[in-house]
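All of the numbers you see were taken from the coordinates with simple rules; none came from a lab. These figures come from a predicted structure and were not determined experimentally. Note that we place each Cβ from the backbone using ideal geometry, even for glycine, and neighbour counts take in every protein chain shown.
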Amino acid sequence: MARKISIIGSGFSALSAACYLAKAGNDVSIYEKNSTVGGRARQLKRDGFTFDIGPSWYWMPDIFEKFFNDFGKSTKDYYQLDKLSPAYKIFFADEVITIGDHMDKICEEFERIETGSSKPLRAFIAKAQDNYDIAINKIVLRPGLSPLELVTKETVSRVDQFFKTISSEVRKNFKNPKLV
């Protein structure tokens, strides 16, 4: 007999959980306070304009693709991503900073703002990529049957990072307030 499961909220995580639970044979109901599903991934339409409420970035494309693959589909079956160039702009009172669409352009902009900043930026991004790969492969994609699954050589060697903020790491590498 199918279990009845209620999910409150309809963000990406809630929707994906509902899909997996339903695929396993459960009777799933989703309750959402807004008139549309998607959590932060919604739009506001007003006076002929469309505003994305969020998210600002398309994080974890590999996880989205895995989700769709688990149901015999691909992200390409439902949407197309268009790379923005520039990626975005940051408006300050005295200038506009343009963030390019690839690392070389971003490094050039960082160097313009703070000489010598491109080297720590590249190191920061490389470390972030390494941490992401470990987090996905050694934590997120584990079956979750025991907390001991999380104890690996890679995760234990980074345990100190659980007690740091990204902000503190950024401030160690960059001094210009527009980069922190």
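Here is how the numbers come out for the structure above:
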item	result
Set of lysines near Lys33 by C-alpha distance (under 26 Å), chain-local residues within fewer than 8 positions excluded	Lys4, Lys23, Lys45
Stretch gain in nm, segment Ile63-Tyr79, where the contour uses 0.36 nm per residue and the Cα spacing is subtracted	4.3 nm
Dimensionless Rg/Rh of the range 83-180 - Kirkwood Rh, Rg from C-alpha atoms	1.08
Spin-label pair Ser157/Val96, simplified geometry with 7 Å Cα→Cβ offset, distance in nm	4.5
Calculated from backbone phi, Karplus (6.51, -1.76, 1.60) coupling profile of the range 9-14 in Hz, x at Gly/Pro	x, 9, x, 4, 5, 5
Estimated 222 nm signal from helices in the chain, with DSSP H stretches of n ≥ 4 weighted -39500 (n - 2.57), rounded to 500	-10500 deg cm²/dmol
Rounded to whole Hz, the Karplus (6.51, -1.76, 1.60) HN-Hα couplings of the range 53-65, x for glycine and proline	7, x, x, 7, 10, 9, 7, 6, x, 5, 6, 4, 5
The chain - percent relative contact order, Cα under 8 Å, separation 6 or more	10
The chain: antiparallel DSSP beta bridges as a percent of all, rounded to 5	60
Relative contact order computed over the range 83-180 (Cα-Cα under 8 Å; 6+ residues apart), in percent	20
Proximal lysines relative to Lys83, as straight alpha-carbon distance under 21 Å, when same-chain residues fewer than 8 apart are discounted	Lys66, Lys105
Reachable aspartates and glutamates from Lys175, criterion Cα separation under 16 angstrom, eight or more residues apart if same chain	Glu109, Glu111, Glu114
The range 1-52 versus the range 106-180: alpha-carbon centroid distance in Å	30
Principal semi-axes in Å for the range 115-162 [√(5λ), Cα gyration tensor, largest first]	28, 10, 6
Cβ-defined net charge surrounding Arg42, 14 Å radius [Lys, Arg +1; Asp, Glu -1]	+2
